[in-house]
Structures are given as C-alpha cells and as structure tokens.
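Below: one structure, written as structure tokens.
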Amino acid sequence: MCLAVPGKIVKVTGSGDDPLNGRVATVDMQGSRVEASLAMTPDADVGDWVLVHAGFALTVVDEAEAKETWEALQIALGDDDGSVEFSGSD
Amino acid sequence: MDRAAIRRMVDELGAILSTRDGIRIMEVCGTHTVSLFRSGIKSMLPSSLKLISGPGCPVCVTSQGYLDAACELAARPDVTICTYGDMVRVPGRHGSLADRRGGGAEVIVVYSARDALKYAEDHPDRNTAFLAIGFETTTPATAATILAAKAKGLENFFILPAHKLVIPAMKALVSGGDVPLDGFLCPGHVSVVIGADAYRPIAEKFGKPCVVAGFEPRQMLEGILGIARQLAEGRSQVDNVYGVAVTREGNPLARDLMDKVFIAADAVWRAMGTIPMSGLDLRPEYKCFDAFDHFGVEQGPDVSPDGCLCGEVIQGKSEPADCALFGVACSPLSPVGPCMVSSEGACAAWYKYHRKA
Amino acid sequence: MTTRDTDDRIILAHGGGGELTNRLLRERIVPKLANPLLDPLNDSAVLERPGARVCMTTDAYVVQPIEFPGGDIGRLAVCGTVNDLAVMGARPLALSLALILEEGLPMSGLDRIMDSIAAAAAEANVPVATGDTKTVERREGDGVMIATAGIGEMREGARMDASRIEPGDVVLINGCIADHGLAVMSAREHLAFETELRTDAAPLNGLIAVVLDTGADVKFMRDPTRGGVAGVLTDLTEATGLTVEVDEAAIPISRTALHTAEMLGLDPLSVANEGKVVMAVSANDAERVLAACRGQKYGKDAAVIGRFTDVAPPLAELITRAGGRRIVTRPYGEELPRIC
C-alpha cells in the first residue's frame, strides 16, 4: 500500500485547472512507463525525477540522491558490487 | 548493494543492544514489516531487538463492518466495485469480495483511484464504487479523483470512504500504555505527505524516538539504527533518513487536496474501537459521492471472527504466532482475518517468511 | 467461522498455479483419476512401450488479453506444450490443437493467431498434427481459448527424476525472469502502464537438446510458468526433502522487469515465465551446462542461481541482496489471474 517508486518524467501533457488530469506526466521506470498526475507536484517538469504512488507524483526527488537510495536504480546502472548477474538487455 | 556497509550497521546495532535490556521498535507501516522480511534485513538483526507490527496496514485496520458493507454493495447487480487488490480476499461475516465475484458480482482490482474513475467514465451504464482505504499516502489521490469526478459531472462514480490518519493512531497506541515501546520506525511515504515534523508530538510529549525511513534495505536499517542510537544517547527526537523524499513540512499541496474534500472524523479501527478524529469523511459538498449514502448501505458492527487476534497484532499486543489460529485454521490459503490476507499484514508476512516447516 | 464459498465453488485463484491450485488438484481432481501414469504429476506423463518411451502432455490456454507485447495466445500454446515435453527429456514429435473461438472474434485476429502458431511450430520444428475447432457464444470478449496435447519420445538415457537430486547439486536457469507476466499485465485494460518488456515465450526443445547432448547429468527440469520461479523452488524442496538455497543477486532479471515488478508491488520470483527452464544439475556439470545454454538463442543469460543442501528443515531459502535470508514460498494464486 505504501508502494512508491522513483522515475524520470519524459513527457508532460495537459494544463489547466482539472485537479486530476490538469498536468499528467509520463514517468519512465527503467523501461516501463506509467502515467502520473502532477496535481501534487505542479512545478515538476520533463527531466525531473518524481516518486509515484497510485497514479500520482507525491514529490520531486533529486536524481543523484535517488540513485544513491534505490537499489533497483543502483543495479540498473551497474553501480552494484559486481555480484549481480543480470541482463542489461531490454 | 553495499553489503559491507550493511554489515557495519548491523554490528553497531549489536554493540548498542549489548548494553541494553532489549529494544522494542514499532514498525508503524505494514510495508516496513514486509520489506524487512523480504529484504532479509530482519534475519540479520540482533535477537534482542524486537520489531512489533503496528496499525499501518490499511486493509488490516479496516473494520469488519466496512467490509460487510462493501460485500453488500458488490452483490447489487448495477454496481461494479473497484478496489486495491488486498481487499478482495478478506473474509467478512458472509464471505469475501472474491466470493461475491465467484457468485457473479463485478469486482475489479485497480492500482489507482484514477483507474476507478476511468472505469466509471468508460461504463456509463453501471455504477462504480471505489473502496477508498489507505493512509495519508493514498488519500490525496482519492481527493483529487473526487474533485475530477465533480468537475466532470459524473453521476455514476462513488467512493466507500475509510481513509485513516496515522498520527492519531500512534498517539492512541503510545498513550494507551499497554504495549511497551521504545521507538517508532515511521512510514516513509505517509511522511512525504505529512512531513517529518508531524511526529514531533510523539517524540517530545511521549519521549519516544521517531525515525522516518524509506523501504530500501539500507534505509530501514538506518532507520532502526537511528532509533537505537537515540536510545543509547538518551534522546527522543524525530530523525529523518529518507531526506531524498521527506521534508520536515511534507507536501502542503497534497494536504490541501485532502482538506478540500475530506474532514477529520471519529473512525472505527478493527478491534481497536473508535479512535477520535482518526478518520476522514467526505465534506458536505462532496457527500453526493458517498456510496454509503447513495446506496443506503450501512457500515455494520465491527465483529472479529472467533479467536482472531488481528486486533491485538495491529496494536503490537500480540505476535502472529501467539494466535491459536495462526498456521492452523488461519493461513494465506484460508485466512480468517485481514492480517493474513493483506500483502502488508503481519500474519501473512510471518507465515510467508518466518515460519519454519 | 464464516461461510467460505471457496469450499462450494471455483474462484479465479484456483487457476493461479499457486497453493490454491495445488490444493484443488490434490483434494478434488487427482484422487478421482489416480493411476501410475498421473501420480508423479510431472510436466508430462511417460508411457513405457516396447522399444520406446512416449511422453504425453496437455495444456490449456486462457490468457487475457489474447495478444500482448511480444506474443499471443497462439505462440504461448505451442511453446508451452513443446516445453512441457522438452523438460521431461523428450523430443517433441507432434502437437494437437483445439481452438475454442468466441462469437465476434474478428477474422483478422484469428489470422494473426494462426500465423503465430504456424511460426512457433516451425521454429520448434514440431508439427500440429491434429486439431479441433469449436465456437461459443459471445462472453467476456476473450476471443480465443486453446487446449493442446503434445507427444514426445524420451531421449535415450534421459532420466528426469527429482529423487535423484542430492545435496551439492546446483540450480540453473536459462535467462531473465518475470518478463512474460509483466508484459501481459501491461496489456490489461485497467492497469495503465506501458513497457518495453516482451513475453519471453519460446520453444526450449532446441536448447534442452543441446544441453542434454553434452552428456551432463541433468536430474530434473521444470518450466516456471504460473507461480514463477518461487513455485518451482517450492516444488523442488517438497519433491526432494532438501533445502534449496538461492542467491538473489545471481538470478538473472532485466532492470526493466525489476523496476516494473517493484512498481506493481510484485515479487519477481512469483511472476510467470514462458521461455524459461529451471534445471537441477550435478555440480560438476554446471559449467558445461552453462556453456551449452549461453551458446543458444534462449540461453544467453543462463546462470547458476542456487544449490541443494541437507540443512533441516527443508526449505527454499533466498540469500538476499542485502546479505540476509528469507524463505521462498509458493504464491497464493491470484496475483496475476489468467496470465497464461
């Protein structure tokens, strides 16, 4: 229930005052993409990293800190200690 | 994964614990309970460090009466229930939502309130009722969805509201005094919304260290170590190791959204009775979306199944293994109470990760 | 005690491939049929005949939606059936194909599925030898359901038998996990996410033949479909009475699958795969098997992921990335309904 994952905004559509669909971001999660409403993070824009929960961006996060904090990002970027046997293929 | 750093933190914990008569930390959030098991961090902790499950599992704390109302609603032929997955298998007094689905009811699992709204828009011939449970992480999403439903003039979208607030529950637990606790591991994502400062009354007034942590293995360990260090140093403050996402003030916009649509009200927590001002009702101008009102269903009494200790477990008064039903009459395959059903339930986590054959 | 309708009627989770499915089989289905051919409950049954050992399997496909990134129900049907024979150590000889077509299915959709079946059968080099076609009234808009059977001939010397597994034997997998289940989920209407992930559905008879040709002592194979790798690891523990110790960091998984599973709150070990085989192999032969896999199209990311020990009580245990431990169990059953 408290699941929230970080991703990078690659596209923003919409504007206006609709609180739900006013601005909607396409957030990239290392190869999967999910839509997130920016109702709670109106200043977020393309290139920003956000924490997504239940279809909403909860907050903007710093990219470098995010990579430091989330194991999945460390693994994806190969910063792991080398014991991971994983495929970099998509 | 920096295994060496993890090892160092575990060692430091061990050193602190060797000077104390055990430490009891409450994991407020069900996701922490599960993540601690799943990441293997739990297996590395010194045995005198006791982690106690708390009431931070939305499904687990939802009253039996709410579930019975949801089941009643599901049985109506004109209604589609949209819900987070975990609610589907919780047994009510007359079966679960899964049972209703087996009997022909339309029960759909969604990951977001937005999905439920979309379903309502795509199916104008049906009434869609969304089971709105969850804490402050999730409530703003429901609030935004209600605002959108109002803006679109939707007349076939409803919510069955049961959102709850974390701080009143923590206060009730710590002031009840039944459960000896030394500190709180605070839920990372709720804190994104409410802010780290929200825990100050707990730390300062009740003298319990509160550390906000995320859900990565290293995060949780840093959180637990943070509490242990405070105890060793005789401090009781709010610390935040999840600074990447959590600030002292939280997200005021998210809170505004909640505040626009909902108002604090007394709420029934499973087996804990009513905790004052711990839940959220729809404000009068949004009451038209209240499924209880619109369909004339009532939240029934909160009656726990015989022998079920879920209520004790969510308050930290009992461990899952203390329950006579655990692993015998109650298992993930045939659950009696919600703690065994929910993906964040303490009993499910114990059963899945802890028991030995 | 509340009335439990699961005692009275089937629920979706009964088809999930997890504990509930297990129970249904054990309590209601297998006992009525019990016979020496069925009792081992392997992926295929072995029929001994003078001069030959014939392998027979059957499968049903109800995946929803019928088309998903990288594949469709047709490809699944061929690959799944072929693989059920191949993991027994059999050379697949022929398939049967029963199509149940729903009123309203566009012909163009049928054409695509048939093209897919033809392509998969050609790739596997296994003909569809016989079939049947039925139609049913319009229902949920599924379009197509498929039931198959497969016949194979056991290879000389192939003895897939979990009772041969000993402490010290290792567990291998031929590549990255969780792609199939996640790809199918992305195609479901009310879960709004897109993904680069594609189903891994693939016929593995070629790869398995190459592995067995090395002469390596492969003791047991199973494809981790519904229930995922977790299901197979649990099967192994139960079948052998041994502990299976698995290194989480060694399990091949793409970064996309890892992140997507986390986003959806799913354990990658519980997600269905349709182009993977888990093997139990004598430790001495592990390198040989890995080399054979890695030279094949569907084995490039093959890896040793764990080993058997006689630590009691017997469990499937994961050594986590953090360096801790936790148990692996069979999922309940409804995590991803109608995934294959």
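We did not get these values from a lab; they are worked out from the coordinates using the rules stated. Source: prediction; values computed, not measured. Backbone-built Cβ (ideal geometry, glycine too); neighbour counts: all protein chains shown.
Using the crude model of +1 on Lys and Arg Cβ and -1 on Asp and Glu Cβ, and no other charge, please compute the dipole size for the protein assembly as shown relative to its Cα centre, in debye to 20. Result for the protein assembly as shown is approximately 1100 debye, rounded to the nearest 20. Applying the Karplus relation 6.51 cos²θ - 1.76 cosθ + 1.60 with θ = phi - 60° to the range A:30-36 yields 3J(HN,Hα) values of 6, x, 10, 10, 10, 8, 9 Hz, where x marks Gly and Pro. For A:Lys11, the lysines whose Cα comes closer than 28 Å to its Cα, not counting residues fewer than 8 places off in the same chain, are A:Lys67, B:Lys118, B:Lys150, B:Lys152. What is the calculated FRET efficiency for C:Asn125 to B:Asp2, with r their C-beta to C-beta distance and R₀ = 30 Å, to the nearest 0.05? Approximately 0.05, to the nearest 0.05. Remark on C:Arg53: its backbone amide H falls under 5 Å from those of C:Met154, a criterion applied only to residues 5 or more positions apart or on other chains, H modelled at 1.01 Å from N.
At 20 angstrom or more along the helix axis (alpha-carbon based) and mean Kyte-Doolittle of 0.0 or higher, what helices does chain C contain? Whole DSSP H runs only.
C:107-124
Qualifying GluC sites (Glu not before Pro) in the range B:210-261, where qualification requires a DSSP coil assignment and no more than 13 other C-beta atoms within 10 Å, comprise B:Glu249.
Ranking B:Val28, B:Thr128, B:Thr80 by how far each Cα lies toward the positive end of the dipole of the protein assembly as shown (charges on Cβ) leaves B:Val28 at the top. Stokes-Einstein diffusion for the protein assembly as shown at 25 °C, viscosity 0.890 mPa s, with a Kirkwood radius from C-alpha pairs, works out to 90 µm²/s. Annotation for the range C:215-266 versus the range C:92-164: alpha-carbon center distance of 26 Å.
Quick one: pull the percentage of alpha-carbon pairs in the range B:253-357 with a separation above 24 Å.
So the pairs more than 24 Å apart make up 43 percent of the total in the range B:253-357.
3J(HN,Hα) along the range B:300-315, derived from phi through the Karplus expression 6.51 cos²θ - 1.76 cosθ + 1.60 where θ = phi - 60°, amounts to x, x, 8, 10, 7, x, 3, x, 6, 9, 3, x, 6, 5, 5, 9 Hz, with x in place of Gly and Pro. Here the contact order of the range C:40-154, divided by its residue count and restricted to Cα pairs under 8 Å and six or more residues apart, works out to 41 percent.
Checking every one of the trypsin sites (Lys or Arg not before Pro) in the range B:76-141 against DSSP loop status and a limit of 15 other Cβ atoms within 10 Å picks out B:Arg126.
Taking 4.7 Å between C-beta atoms as the pairing limit, chain B has these partnerless cysteines: B:Cys29, B:Cys71, B:Cys82, B:Cys186, B:Cys210, B:Cys288, B:Cys308, B:Cys323, B:Cys330. Annotation: amide H-H contacts under 5 Å for C:Lys219 (H modelled 1.01 Å from N, sequence separation of 5 or more, or interchain): C:Ala280, C:Val281, C:Ser282. The angle between the Cα long axis of helix B:3-17 and the main principal axis of chain B comes to about 70°, on a 0 to 90 degree scale. Dividing the summed helix terms, -39500 (n - 2.57) for each DSSP H run of n ≥ 4, by the number of residues in chain C produces a 222 nm estimate of -8000 deg cm²/dmol to the nearest 500. The Cα-based radius of gyration of the range C:136-241, divided by its Kirkwood radius, gives an Rg/Rh of 1.04.
How long are the three semi-axes of the equivalent ellipsoid for chain B, computed from the Cα gyration tensor as the root of 5 times each eigenvalue, in whole Å, largest first? Present the calculation step by step, with values, prior to reporting the outcome.
Details: eigenvalues 248, 107, 60 Å².
Listed largest to smallest, the semi-axes of chain B are 35, 23, 17 Å.
Taking a straight Cα-Cα cut-off under 21 Å and skipping sequence neighbours fewer than 8 places away in the same chain, the lysines within cross-link reach of B:Lys164 are B:Lys260, B:Lys287, B:Lys317. Positive-end ranking of B:Phe262, B:Phe289, B:Tyr351 along the dipole of the range B:262-357, with charges on Cβ about the Cα centre, is headed by B:Tyr351.
Let me know the charge dipole size of the range C:21-164 about its Cα centre in debye, to the nearest 20, where only the beta-carbon of Lys, Arg (+1) and Asp, Glu (-1) is charged. Don't jump to the answer; show the numbers that get you there.
On the way: 15 positive and 20 negative charges, 120 e Å.
So the dipole magnitude of the range C:21-164 works out to roughly 580 debye.
Dimensions of the range C:162-327 from C-alpha coordinates, computed as largest minus smallest value along each principal axis and given longest first, are 46, 36, 25 Å.
How big is D, in µm² s⁻¹, for chain C by Stokes-Einstein at 4 °C and 1.567 mPa s if Rh is the Kirkwood radius over C-alpha pairs? Approximately 63 µm²/s, per Stokes-Einstein. Each of C:Ser44, B:Ser304, C:Ser116 has some number of other Cβ atoms within 10 Å of its Cβ, and from fewest to most they run B:Ser304, C:Ser116, C:Ser44. Extending 7 Å from the Cα toward the beta-carbon at both C:Leu37 and C:Arg112 defines two label points whose distance is 3.8 nm.
Taken over the range B:310-350, the alpha-carbon convex hull comes to 55 cubic angstrom per residue. Proximity of backbone amide H atoms, modeled 1.01 Å from N, is registered between C:Leu315 and C:Thr243, C:Val244 at under 5 Å, excluding neighbours fewer than 5 places apart on the same chain. Averaging the Cα positions of each part gives two centres, and for the range A:8-73 and the range C:299-331 these lie 35 Å apart. Taking the DSSP beta bridges with both ends in the range C:98-227, the antiparallel portion is around 45 percent. Each residue of the range B:179-185 was assigned a 3J(HN,Hα) from its phi angle through the Karplus expression (A = 6.51, B = -1.76, C = 1.60, θ = phi - 60°), giving 10, x, 9, 9, x, 10, 8 Hz with x at Gly and Pro. Max-minus-min Cα coordinates of the range C:40-154 on each principal axis give 48, 26, 22 Å, with the largest extent listed first.
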